[in-house]
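Worksheet: one structure, shown below.
Taken together, the values in this text are just the output of simple stated rules run on the coordinates, not laboratory data. In this text, all values refer to a predicted model and were calculated from it rather than measured experimentally. Cβ: placed from backbone, ideal geometry, glycine included. Neighbour counts: every protein chain shown.
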Amino acid sequence: MSTVIKEMNRIELVNLERLAYILKGLSVAEFETLELLLDEVAFGTINQSLKELEAGEGIPIDKW
């Protein structure tokens with residue numbers, strides 16, 4: 001067993017076990033969405049794109 005796991009208190013270990021259980025239950029789409037939300041650069045890009053869209057600054061698909 002790794003030293004990190006040995007040094008964790010019981011609550012931290014329980015929380016990690018719960019997180020692992022939740023992650024295993026995610027669909028592919030949910031997991032990919034979670035990855036995007038955790039990626040600060042991707043999240044920033046999506047957030048900026050949404051702001052541009054709301055301001056009417058988006059590029060229509062037919063003009064790509």
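Counting Lys and Arg as +1 and Asp and Glu as -1 over every other residue whose Cβ lies under 15 Å from the Cβ of G44, the net charge comes to -3. Among the listed values (i) 5.4; (ii) 7.3; (iii) 8.4, the one matching mean projected area of the Cα convex hull in nm² as calculated from this structure is (ii).
Ranking L23, I11, L36 by how far each Cα lies toward the positive end of the dipole of region 3-58 (charges on Cβ) leaves I11 at the top.
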